[in-house]
Structure formats: structure tokens, C-alpha cells
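Novice: Got a structure for you, written out below as C-alpha cells; questions coming shortly.
Here, each number is a calculation from the coordinates, and none is a lab measurement. Keep in mind that this is a model prediction, so the values were computed, not measured. Neighbour counts are summed over all protein chains in view; Cβ atoms, including those assigned to glycine, are modelled from backbone coordinates with ideal geometry.
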Amino acid sequence: MKLFEYESKSLAQNLGINTPRGGLASTPDEARDIHKRIGGEVVVKAQVLVAGRGKAGGIKFGSKPDETRDRASEILSMTIKGERVKKVLVEQKLAIKKELFGSIVLDRVNKCQTVLASDQGGIDIEEVASKNPEKILRHRLDPVFGMRGFDARQVALKLGYGGQRLNALTDLLSNLYRLSVIYDAELVESNPLVETSDGKFVAADLRVIVDDNSLFRHPEFQERSKEASAEVTPLEAKARENGLAFVELDGDIGIMGNGAGLVMATLDMVNHYGGKPANFCDVGGGADAEHVATALQIIQGDQKVHKIFINILAGITRCDEVAKGIVEVKKVVGLKKPLVVRMQGTNFDEGKKILDSAGITTLEKMDEAARLVTSPKVA
Amino acid sequence: MKLFEYESKSLAQNLGINTPRGGLASTPDEARDIHKRIGGEVVVKAQVLVAGRGKAGGIKFGSKPDETRDRASEILSMTIKGERVKKVLVEQKLAIKKELFGSIVLDRVNKCQTVLASDQGGIDIEEVASKNPEKILRHRLDPVFGMRGFDARQVALKLGYGGQRLNALTDLLSNLYRLSVIYDAELVESNPLVETSDGKFVAADLRVIVDDNSLFRHPEFQERSKEASAEVTPLEAKARENGLAFVELDGDIGIMGNGAGLVMATLDMVNHYGGKPANFCDVGGGADAEHVATALQIIQGDQKVHKIFINILAGITRCDEVAKGIVEVKKVVGLKKPLVVRMQGTNFDEGKKILDSAGITTLEKMDEAARLVTSPKVA
Amino acid sequence: MTLLVGKQTRAIVQGITGNQGSFHTRLMREYGTQIVAGVTPGKGGASAQGVAVYDTVAAALERIDANASIIFVPAPFAKEAGMEAIDAGLNPVVIITEMIPARDSMVLMAYAKEHGATIVGPNTPGVITPGEAKLGIMPGDVFSPGGVGVASRSGTLTYEIASYLTRAGIGQSTCLGIGGDPITGLNFVDVLKMFRDDKSTDAVVLIGEIGGSAEEDAADFIEDTKYAKPVAAYVAGRAAPPGKRMGHAGAIITGTEGTADAKMKRFREVGVRVAEVPSELPRLLQQQKAATIQQ
Amino acid sequence: MTLLVGKQTRAIVQGITGNQGSFHTRLMREYGTQIVAGVTPGKGGASAQGVAVYDTVAAALERIDANASIIFVPAPFAKEAGMEAIDAGLNPVVIITEMIPARDSMVLMAYAKEHGATIVGPNTPGVITPGEAKLGIMPGDVFSPGGVGVASRSGTLTYEIASYLTRAGIGQSTCLGIGGDPITGLNFVDVLKMFRDDKSTDAVVLIGEIGGSAEEDAADFIEDTKYAKPVAAYVAGRAAPPGKRMGHAGAIITGTEGTADAKMKRFREVGVRVAEVPSELPRLLQQQKAATIQQ
């Protein structure tokens, strides 16, 4: 679960991490008032979960409160990469000496957390990674003992600091690590991490992604995780509430299957044969008729879906249950889009019989079914 | 630092550990009121830090509030092993099915924490240990990963429980362990740990000893650790405030030295030659004149001290500093008791000169000095 | 000695009294796996699917001999269940449980490494040696004994591909899911090593997906060690958009990293034949085998 | 190869810029110890007692070679300082710092064990090989080279006893404090093993005190292994009352455990000569040596 910048910073402040003074505004007037309160010059930043807001114009400056109100007004009317801007963060402009990059990421290969840092912050770090890979410093953390003081210090040292600044940066990195532990974050990233002209280190921007699998032990995120946010489309939110792994795509063929790998392969195959999937929908293992019916109704309720492909390789899942779910939808609300069903495995014969008697054809081979659903025959 | 039973239980309750309902009373009337509030029969327990209050009569029962007031009055006027009883805990009498013993101790040999438990609780556990050692179950905990659920469960299982009770006892043991971690306890001990007739487990008694060396990271104990308690005599409290390792004893020869081992050996040697040490006083390494003067004044201020033995093997400590401290006391308040000084090592010559010119003899050998101070010649 | 699981396997099922644990205990036994005990805290003394249930692994081992574990306990308790199995010396430990926090997996894997234990999973369908035994939730009937080792990051897709192989007359030596999570006990490189040293395996199929770099690492390993056995692969998720988790916790393209195309490209660079659609795999394997024999 | 510390030792001083660290760096160098670098966070680039100071151990090792560490950092930071030394491969690691929380020591000792490092201390005067080098705070002049290995739980008392030995013409091979804390890296048994395998050591003196069971364990070890070198001992604290900590965190009699009398008794049972007062030790050693030769 991605946190908004203002949420990440609020957690960080509680751990003693320096962030710029400022406040959150939902309206241009609120933005102006915040500027009045903190004085000086400010930066107005769109609060969105998608990356790349800077290039999209989601970050502007205000030297007077009225100017800040106008800039906030502009940003609050933007939609960035499909995400409507609902809030802006109004923060004091820092006296920047240097912009760094610092993050603590989940390191899949080494099965630990790793610190990535660079003295070239403030810009797209992937650009740095591809152009000057030697500019990105990697420091692995012990999976059990985590970041010790000397780990953080070694990173700060390699970033070129000594003396009081070394200790200050060490503290900040240690606190970013603590943040990652306390909130089970798979990513904590500050870019830019600013060294100010008076020798302080400030997390000027801060991104935190919480491990979804850890949410059961984070009551503090319970409400937040239920909110439909821009990260999740309304359709996705609805599907996930119903226990489906669901990702909305921009094609016209609705897809349902059991198992993440199988559904991904189904999308690929539909693509391969020239079709365009409208979604990824995994009903998981052992889905019963009701679960299948729910999934089918959500998919056919999507306006952009023109046809539907159900691909089931039954193991724990039973073909008869899947068939019952489909037939139930047919009975209750009707099948509103052309449907191709592929089933194989456990209780195939029973399932096929149920679908046959409802006038729905089933195929047994995935390839064949994918070719069929992408052909003009089904329309 | 030993915690009182009521303090230990208050920490335990916050972690969800069952303790008997009750309250703390400083007066007989308060005890009566607590009984009125909780009803039923109660037990009145002296709150002291010394062990063995039961045998000393510090635990009594009350079936009516007035009786409880009388029992509390009796206990509140007691002194148990030198410790005045200032408070009593008034608690509901439990419906006991079985009394167990459960503790988490610092295991010096294995460098970890170890669970000690027994299904023979409620009595002196050292008696069980000597008579039926096989009745005490030992389960070592991993020094890094600590008590996992299955560690606690294995202990509960060996104590003879299954089903719901197994899980309940597992939870309680896990919480006792959490208590030991959160508060850096070198000992958490519940004796008896009561299984009630309705299948619950309750810490009927609870002792917690906090690792003194961890107090710097426990602001919650800061005030408490300063209080002079019965654990520490007023003289000890005064000495410790002044940075001295000090233990009061019941002899008449005041002892001061540098280094715990050396001071212990000094006590032994005084004993060996028939003397009786009045205290253990370690000024530590590198003590300056002021520190020595303070220690000397505290020792000679003790009424029961008839003579004083100062034993210094100077390494980091310097003999001239020690000598200056002694002379300072002589000048300012006077030396009020016969004094034997043994010094050896760093700056011995300078030190000896200072003492010589103040008319104080110094010996160079510890044995000789110990023999002298214990002889009738010094009186 | 069969790879990871075989006739010699004597397994404990941790979480045996849950729905999944109980159901798959039955199926594993029907497939021929020796399930010698079950563990569920607080249910000691009961029996599930004819298997005696104990409160702890240690208690089970006081009564029976075992050498492997399969774990079905809920995610919040999975880390400790894994440690319990490791402490008891069970090896391998197969963790079916999904949705385990990454931090828990990270610590558990470090613990396993320290104790020399092999973890399969978490979030895996398990491991099967067709015709011998399975520690997992895969349908046994799509597999057949033979010489192809299969390692996968997914479940159902593995069954799909195994059934293609089986229908094409290509049997499998051992098939296993390394798990769909970002952090798993085994990665493709570990499995490639096992298959290299396994006499029953003469070719390898890797079933990858988007996210992470397990496939790229496998390709590097194949290149660096001049891997002697033929390898074919399929990578799921070409149609997946960046930044979206595709069902599995580990299946997410972050930035420009972890795309299916990059993985397929890297595989092809090191001589691995890569299927465009899963159904191509049998043909690719046969071609590759032929090519290897020609060399 | 000399035991733990010798001419070959190239030590880093962690906490070199503190009062104690700086003072003892001078004394160690005067004694002949090679101190090759110091570490104090935030003081990198400075110099202390003529020794270059770095911010981390790793940074020091980029510039110099070292093979041992002595730690003077304050108690709250000692655990991590120890880990830092261990991570850098320094061995032995001598921890002078006192008042370290027992939990920190416990974790550090587990870490050291996992990495195969030897920790001397915490709360130790350190270790000295007379005439060669010392990593510690002991006054060098009371020691003299020779064949008696001395291990102690205390500081000043060790100097007292070493000076008796030196005055009696009995030199020492290596003298070390195992530390006055409940949890220490080395215990008497570890040291007895070292002295047994050390060619320079022909007799051993153990200086124990009340609390714990290090002395009893040593006695068991001497008995079980029919320890081949003569051992003499002194145990401080016969006059100590139960339940009171005598200066050292570890010097406390709990219940009936850890009394000096019990320890002395157990030593005598296994043939260790026990001094009633420290000054007796030289005579006991000579007697024991004579007895051993007669055998």
C-alpha cells in the first residue's frame, strides 16, 4: 500500500526525522493560509500516489500567499496519470546545499533490506542508475540485526560526509530504517534528501510503501487500506472487497481464471492472438460457485468489456462449482456479453454437463479457447 | 533493581497478564475499603523487596472487610528482615486448582534467557530444586530470537496441559517473556502461578528484577531507581548517589579500596584475621582526591565503624590523589577513627610523602595492613 | 536419493486441522506420501485424516520419526512454524501459506540458512516427484514420471504446463514452485544447481513471471557455469502493466525492472529456448534435446 | 603464536578519543602493543596519541591492516561496536566497557559465536602477554614473562595477585580478565582450554569470585578432562552477604547459589589448590608444581 507524501512525512516526524515545515491543504484558500503561517517562500506539491508528478506540473512555487493560492488552485484541478489531485502539501522552500537520494528497499535477491543512496538526488534515480551506476551506493543490511549505527555511518561516510554532518546523516538514515521496521515498509525513499546550507539533513520528499501482507498487524492502517485511492480504480476496489485479485486494464476482453500465473499467461495468450485484455482477475484456489458468480458479475458490469474469457485449470478448484457460478449469473441477471469458457481438471465432466444444459459451450484447451475468444467469431 | 509485587503486577496487567483483582493500601482503612469494593475473601500481602515474607507472617487472609483492616494493620506495623512494611496489596482469594511455578531467568552459563517452570509451585522453589530437581523444567531460549510460540507451548505441554488450557498457559508464558524483554528484566518469576478452577492462569505472585545496567534506556524507572528503598540502606543510598559501589555490612571495620575484586578480597582478609568489615566500598578505577575524600567521610560518618582500612593498588588510580583525599578529610573535618592505609603502585612515593607529612603511616603490603587493622594495636 | 521429496520422505503437516491442511493431507496420502504426524496447537491427542495430531513438532518427534514438514498455518504464525520445523531438524520445509509479511520471510530465510535447512516457498504449490510422493497442493494426475525438472513461480500455470508435458509424453523428475513471493527460500539458481546434480533430471523447464530478477539471475548462472543440461522457459506477464501487483506479492514491475520481455530476452541470450505461449514448451524441449544430442 | 595478544597483534581502539580510550592507547603503545588505528564516529581524520582516527572500523581497514580490537565506547553503544569489530573480521575483540545491559551482551555473544570471533569481556581489565603486548588497562609493570596463565573475574585483584607472582619470581604467560559481568565472552572453561593448548603455559591460576557458576564449571571441566596442567585458585567474596551485588554486576549470591565457600570446596574436590588469602598463591603454585613433577 502506497502512502501519500503527507502521510509518510507524518510518520517520519514522529520518529524525529526532519521534514520541511508546512501543512496540507484541500482548497486554494487553505494553501494561502498555510503560507501566511509559515512565511518565506513555499513549494506546493500535488499529493498523488503515481510517480512523476514533477514532470506533469504537479510541483509549483509560491513567493507570496496569494500566488500560492493560485498555484494550489491550478494543481488542485489537475489529474496526473489518471489520478485526480485532491490535496496539496504546502511547505517552506529549503535552503538547499545539496540534494541526495536515500532509500531502504526490500532486496529480493539477497533476502534482506538494502540501503540505496546517492549524492546525486533530486532527479530521476533510475536515470542515475542507468547513466552513472557507480553513483549509486548499495549497502546490504543483516536480515536479522538490521541497520546498526555503523551501517548507517558507513553509508553517510561514502556519501562524503564527516564530523557533525556525518553524525546527523547517520541519525537520519537510522530513523528511516526504524520507519521501515515499525511500519513493515517494503520501500522508504527520500528523493531529494536535502542537506541544507545550515548543515541539517531534511527529507524534502518521502515515499513509503507498506507491505500489504503485513497489514493484519497494523491497525493504524486499517481504515486507510479500505479507502479506494487512486492507486486502485473503483472497479478494482470493488473486486478486492470481494476477495478477488483484480487489476484493471484498458482492453475489451474480460478475463477470469484461477491462479495468478495462469491468469497472467491467459492475458499473454489473448494478447498473442491479437486480443486486448480488459482486466486481470484471479479467483484464487478452491473458489466456490458464489465466488465465481461475483467475479463474473463484476467483469460483465464493466462497460468496456465486450467479451469474456473464463480459464480454469481445476485442481483444488472444481469445474462443477465454476459451472454453477456461471449458470447462476445467467439465471439471475443474464449473460450480457459473449462468453468463452475453458475448463480442465477436477470434476470436468460434471461441470461440462451443467454448462451444456445451460447452452454454454466449454473448451478443454487453453490455446484453442484463447484463439476463439480473440477471433471475430465471438463478438 | 527489584520491583515491588504491586509494581510488577501493574506492568504485567498492561501486557494482558491475568493477576488477581485488588488494590494497594497504605493504611488499614484503605485495605478495608478495597475489600468492600472487590468483595469475597481476600489476601493481604506485605509489599517488601526481601524474600520470605510468607514465613515471616507478611501474608494474611481476611474474610470480612473489618478483619482485613485488622490484618492489614498488623502487617503494616511489621518489619520483615529489616525492611519496614509500608504498603500492603489486598487481593481477591483465588479459587485455586493448581499452583505452578514459572520464571524467566538470565542464564549466565548458556548466555541466554532460560525458562524455569514446575508444576510444584507455591512453595520455596529452591526446596523443590534440591529435593526433586527433576520437577523443575528448564527450557533455553534462543539469545537472538527469544521465546517463540512453540517454546512457550512446549513448556506448557511438559507441565501437563492440553487443549484450551495449553493455549492459555502458552499465552501467559509468552507475555511474561515479553515483560522481560520490554523492561530488560534479569528475572521475571511467578510463584505461585495459579491455575484457577475455571481454567484460567493467573500470576498470583509476581517478582521482577530489572537489569540495573539497562536503566539508561528505561526512563519509566528513572524516578523509582533514585528512591531509597529497603533494598538499599540510607547509608548505601548516600554512597551510591556519590558514585560509590557500596554495601553495608554489620562489622566495625570500615573498608575502602579500588576495584570490586580487590575490595572483596580485602573483606575476606580482614575476616581471615578475625576482624569484621562494616562495609564494602569500591571507589572504582582512577578515583581523584575528591572522590576518595567523599568515600572516607561517608565511612567515618557511620556510627558502627570503629576503625578504617584503605586498600589501594594503584594502576589507573594514583597514590598521590588518594593521599590528597585522605589529607583533605583530615584538614576539613578531622580523622575521627583509627586509620590503616595500604598503598602500592602508580605514584606511590608521592602519595607516601603526602601522608607522611600529615602524620599518617602507609604500608605497602595488603597482608601486613590487614593484620595490623585487625590487631588490638589499632583501636 | 530423490530430490527434496520421495519415497523416503516422512512428513509432518503443520496446521493439519485447518481446511486446507486437512484436505491436502488426504490428497498427499492418496498420492503415496508418508504423512507421519500433524501439528496444531491445542489439538494434541486428536486425529485428522487418520493422522495423529500433536501440540508441537517436538512433541510429535518424541513419538515418531520425521524428516520433512509442510506448513499450512495462517500467515501471522508461519514464521514461527517454520522456525519450529527447523529447530526440530526437519528438512525440507515446504511453506504453502501465502500472504506472509516480507519481513517475516526475510528473518525466516536467514534462520534457515544458519541452520542449513531448505525452505520451499512460501506461497508455493509445493514439490512433487511424480509417481513417488508430493509435499504440496498440486493435482497429482497432471504429472508423470520422467526426466524433466520443472521450477516455477506460480501454481496453476505449473499444472497447465505439466499437463502439456505429460500429454506430449514428456515425464518430469521433480516439479516445484519456488513461490510467488518477493522473498522465497529457493530461487531459480538454487534449483538449477539441484537439477544439475540430480541424476534423474536431464532437462529443465523454468516458469517465470514478471517482477524481481530471479530469471535474469538464472540466465547469468546458466551462462557463467555453461549449464550442461538443456533449459527451456516461459515467462508470464508480458501483458502486465508496470506498478501493478498481478496476484502474487512478487509479481510487480517496478520502474523498468522485472518486465517479461527483458527476462525473455536475457534467457534467449544464454541459449534458453523461450516459449511465446505455454503450449509451445513441449516442442521447444524436444528441439533443445535434439540440439544437445547433436552437439 | 602467542595466546590472544602478542607481537603479532595489530589493534584498533574503538572509542579512542574518550578519556579512557586515549589514556590507555598511550599506555598500551608504551608497553609495546601495536595500535594501528582508532575509531570514533564523527572524528574521522583526527589523530589521538599519534594514532589516526577513523569514523568506522571499515573505513580504518581501507587504509590499514588490523587483526584485533579493544573497545572503550560507552555502554549504550558497546553492543554495536562489538558487532562492528566482528563484521570487520577483527579477532579477538576486547571490551573494556562496563555496565553493558545483560541483554546486549547476550545478543553480542550469540553474534560472536555465529561469526567465530572471541570476545574478552565486557567489564574486563583486558589481556596481557607480559613482555610482548597488552590489550587492556592493567598496569604493565606488575606482570613479568613466564609460564603461569592467569584468568580472573576481577581487575585490581588480578594486579595484586600478579604482583605477588612477579615478586616471587613466577612469571606469567598470559593474564586475562574474563569480565565481571554475568554474561561474558569467555568463561573459565574456555580459558582453561586455551591454556591447555598453549605451549608457553605450564600452570594456571584462576581468580574467581561470588556469583554464577563459572568456578564450578571450571572444576567440572578439570575433573572431566583430567586437566594436565596444575591449577591454583583464589575466590573472592567469602565475607559477602547473600543478595547484595558486590561492585561487579555478576558478583551476587542468589539464594544458596554462588557462594565463595561452595566454589572453594568444589575446586578442592578436583585437586585445585585454593588460597585462603591471595598472598598464598605463589606458595601454592610452587607446591603444586612440585607435586606434579613428583607424579
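Novice: How large is the charge dipole for the protein assembly as shown, taken about the Cα centre, if only the Cβ atoms of Lys, Arg (+1) and Asp, Glu (-1) carry charge, to the nearest 20 debye?
Specialist: Dipole about the Cα centre, nearest 20: 360 debye.
Novice: Relative contact order of segment D:1-140, please, whole-number percent, based on alpha carbon pairs below 8 angstrom and at least 6 residues apart.
Specialist: After rounding, I find 26 percent.
Novice: Which of B:Gly274, B:Phe246, B:Leu206 sits closest to the plus end of the dipole of segment B:189-340, meaning its Cα is farthest towards the positive end, when Lys and Arg get +1 and Asp and Glu get -1 on the C-beta?
Specialist: Selected residue: B:Gly274.
Novice: Ok, one more. Antiparallel versus total DSSP beta bridges in the protein assembly as shown: what percent is that, nearest 5?
Specialist: Beta bridges within the protein assembly as shown, antiparallel portion: roughly 50 percent.
Novice: Once the label point is placed 7 Å from Cα along Cβ, list for A:Gln222 the distances to the corresponding points in the other copies, in nm, shortest first.
Specialist: 3.4
Novice: Stretch B:His306-B:Thr27 to full length: gain in nm at 0.36 nm per residue minus the Cα-Cα span?
Specialist: 96.4 nm
Novice: What residue among C:Glu30, C:Glu216, C:Glu62 shows peak mean-square fluctuation when chain C is described by a Gaussian network model with Cα springs under 10 Å?
Specialist: So, out of C:Glu30, C:Glu216, C:Glu62, the one fluctuating most is C:Glu62.
Novice: Just rank B:Met1, B:Met366, fewest to most, by other beta-carbon atoms within 10 angstrom.
Specialist: Placing the least packed residue first, the sequence is B:Met1, B:Met366.
Novice: Using the alpha-carbon centroid of each, what span in Å lies between segment B:77-125 and segment A:1-68?
Specialist: Between the Cα centres of segment B:77-125 and segment A:1-68 lies a distance of 56 Å.
Novice: Separate question: Starting at the first residue of segment D:170-184, write each ³J(HN,Hα) from the Karplus equation 6.51 cos²θ - 1.76 cosθ + 1.60 with θ = phi - 60°, in whole Hz, x for Gly and Pro.
Specialist: My calculation for segment D:170-184 gives 9, x, 10, 7, 9, 10, 8, x, 6, x, x, 8, x, 10, 10 Hz in order.
Novice: Trypsin sites (Lys or Arg not before Pro) within segment D:213-295: which are DSSP loop residues with at most 15 other Cβ atoms inside 10 Å?
Specialist: D:Lys226
Novice: Where is the GNM fluctuation largest for chain A (alpha-carbon springs, 10 angstrom cutoff): A:Ala185, A:Ala203, A:Ala56?
Specialist: Result: A:Ala56 has the largest fluctuation of those listed.
Novice: If neighbour count is taken as other Cβ atoms inside 10 Å, put A:Tyr6, D:Tyr54 in order from fewest to most.
Specialist: Least to most surrounded, the residues fall as A:Tyr6, D:Tyr54.
Novice: While we're on this one: Count the net charge of all other residues whose Cβ sits under 14 Å from the Cβ of D:Ala228, scoring Lys and Arg as +1 and Asp and Glu as -1.
Specialist: That sum, taken over residues with Cβ under 14 Å, equals +1.
Novice: Find which of A:Ile312, A:Pro338, A:Leu355 sits farthest along the positive direction of the dipole of segment A:312-356, computed with +1 on the beta-carbon of Lys and Arg, -1 on that of Asp and Glu, about the Cα centre.
Specialist: About the Cα centre, the residue reaching furthest to the positive side is A:Pro338.
Novice: Now for a different question. What's the average, rounded to a whole number, of partner chain beta-carbon atoms within 10 Å of each residue's beta-carbon in B:240-246?
Specialist: 1
Novice: Antiparallel DSSP bridges in chain A: what percent, to the nearest 5?
Specialist: In chain A, DSSP labels about 75 percent of beta bridges as antiparallel.
Novice: Classify segment A:233-373 from the C-alpha gyration tensor, please: rounded if a/c falls under 1.5, else prolate or oblate depending on whether a/b exceeds b/c.
Specialist: rounded
Novice: Turning to a different aspect of this structure: Could you work out how far apart the two model spin labels at B:Leu137 and B:Asn110 are, taking each label as a point 7 Å from the Cα in the direction of the beta carbon, and quote it in nm?
Specialist: Inter-label distance under the simple model: 1.4 nm.
Novice: A follow-up question, please. Would you kindly work out, in nm and rounded to one decimal, the distances from the label point of B:Met78 to those of the same position in each other copy, ordered shortest first, with label points 7 Å along Cα-to-Cβ?
Specialist: Shortest to longest, the spacings are 7.5 nm.
Novice: Also, I was wondering about something else. Please sort C:191-197, D:161-167 by packing, taking for each peptide the average over its residues of neighbouring beta carbons within 10 angstrom, highest first.
Specialist: The packing order, highest mean first, is D:161-167, C:191-197.
Novice: How charged is the neighbourhood of D:Gln49? Take every other residue with its Cβ under 14 Å from the Cβ of D:Gln49, and add Lys/Arg as +1 and Asp/Glu as -1.
Specialist: Counting the neighbours of D:Gln49, the net charge comes to +2.
Novice: Another question, if that's okay. Which residue, D:Ala60, C:Ala117, D:Asn91, has the largest displacement toward the positive end of the dipole of the protein assembly as shown when charges sit on each Cβ (Lys, Arg +1; Asp, Glu -1)?
Specialist: Going by the Cα projections, it comes out as D:Ala60.
Novice: What residue in chain C has the Cβ closest to the axis turning C into D, and how close is it in whole Å?
Specialist: Residue nearest the C-to-D axis, with distance in whole Å: C:Glu114, 3.
Novice: Mind checking the dipole of chain D: about its Cα centre, +1 per Lys or Arg Cβ, -1 per Asp or Glu Cβ, Debye to the nearest 20?
Specialist: 560 debye
Novice: Let me ask another. Determine the calculated [θ] at 222 nm for chain D from helices alone, applying -39500 (n - 2.57) to every DSSP H run no shorter than 4 residues and normalising by the residue count; nearest 500 deg cm²/dmol.
Specialist: -11000 deg cm²/dmol
Novice: A further question follows. Treat each spin label as a single point 7 Å out from the Cα along the C-beta direction, and report the D:Asp261 to A:Met78 distance in nm.
Specialist: 8.4 nm
Novice: Residue-wise, which Karplus ³J(HN,Hα) couplings in Hz belong to segment A:134-150, taking 6.51 cos²θ - 1.76 cosθ + 1.60, θ = phi - 60°, and x for glycine or proline?
Specialist: Here the 3J(HN,Hα) series is 5, 7, 9, 9, 10, 9, 6, 9, 4, x, 9, 8, x, 8, 8, x, 6 Hz.
Novice: Using a 10 Å cut-off on Cβ to Cβ distances, tally the other chain neighbours for every residue of C:96-102 and report the average as a whole number.
Specialist: 5
Novice: Give me a comma-separated list of calculated 3J(HN,Hα) values for segment D:275-288, in order, Karplus coefficients 6.51, -1.76, 1.60 applied at θ = phi - 60°, integers in Hz, x for any Gly or Pro.
Specialist: After applying 6.51 cos²θ - 1.76 cosθ + 1.60, I find 7, 6, 10, x, 5, 6, 4, x, 4, 4, 4, 5, 4, 4 Hz.
Novice: Please enumerate, by chain and number, the lysines with C-alpha under 17 Å from the C-alpha of C:Lys193, excluding those fewer than 8 residues away in the same chain.
Specialist: Straight-distance partners of C:Lys193: C:Lys113, C:Lys226, C:Lys229.
Novice: Sort out for me the Cα centre separation of segment C:10-43 from segment D:23-89, rounded to whole Å.
Specialist: Each part reduced to its Cα centre gives a spacing of 55 Å.
Novice: I would also like to ask the following. Compute the distance in nm between two label points, each set 7 Å from the Cα along the Cα-to-Cβ direction, one at B:Lys336 and one at B:Phe145.
Specialist: Each label point is offset 7 Å from its Cα along the Cβ direction, giving 6.1 nm.
Novice: For segment A:40-117, which trypsin sites (Lys or Arg not before Pro) pass both filters: DSSP loop (anything but H, G, I, E, B) and at most 12 other C-beta atoms within 10 Å?
Specialist: In loop regions of segment A:40-117 (DSSP not H, G, I, E or B), the sparsely surrounded trypsin sites (Lys or Arg not before Pro) are A:Lys55.
Novice: Quick one: with label points 7 Å out along Cα→Cβ, list the inter-copy distances for C:Gln34 in nm, shortest first?
Specialist: Reported distances to equivalent positions: 5.7 nm.
Novice: While we're looking at this one, here's another question. Take the alpha-carbon centre of segment D:201-272, take the same for segment C:169-189, and report the distance between them in whole Å.
Specialist: Taking the Cα centre of each part, segment D:201-272 and segment C:169-189 sit 56 Å apart.
Novice: May I ask you to sort A:Cys112, B:Cys319 by Cβ crowding, counting other Cβ atoms within 10 Å and putting the fewest first?
Specialist: A:Cys112, B:Cys319
Novice: Look at the axis of the rotation that sends chain A onto chain B, then give the chain A residue with the nearest Cβ and the distance in whole Å.
Specialist: Nearest-to-axis residue on chain A, with distance in whole Å, is A:Val144, 3.
Novice: Using a Förster radius of 30 Å, what is the FRET efficiency between C:Ala110 and B:Arg217 based on their Cβ-Cβ separation? Nearest 0.05, please.
Specialist: Once the sixth-power term is evaluated, E becomes 0.70.
Novice: Which entries of B:Lys81/B:Lys238; A:Lys131/C:Lys244; A:Lys45/A:Lys276; B:Lys2/B:Lys45; B:Lys304/B:Lys331; B:Lys55/B:Lys304 show an alpha-carbon separation above 28 angstrom in the structure shown?
Specialist: A:Lys45/A:Lys276; B:Lys55/B:Lys304
Novice: OK, next. What is the mean number of Cβ atoms from other protein chains located within 10 Å of the Cβ atom of each residue in peptide A:41-53, rounded to a whole number?
Specialist: Partner Cβ neighbours, averaged per residue: 0.
Novice: In a Gaussian network model over chain D where Cα atoms closer than 10 Å are linked, find which of D:Gly211, D:Gly32, D:Gly42 has the largest mean-square fluctuation.
Specialist: Maximum fluctuation in the GNM of chain D, among the listed residues, is at D:Gly42.
Novice: What relative contact order, as a whole-number percentage, does segment B:20-115 give when Cα pairs under 8 Å and 6 or more residues apart are counted?
Specialist: 35 percent
Novice: While we're on this one: What share of the DSSP beta bridges in segment A:233-373 is antiparallel, in percent to the nearest 5?
Specialist: About 20 percent, rounded to the nearest 5.
Novice: Grab the beta carbon distance between B:Glu350 and D:Arg26, set R0 = 22 Å, and tell me the FRET efficiency rounded to 0.05.
Specialist: Efficiency computed from Cβ-Cβ geometry: 0.65.
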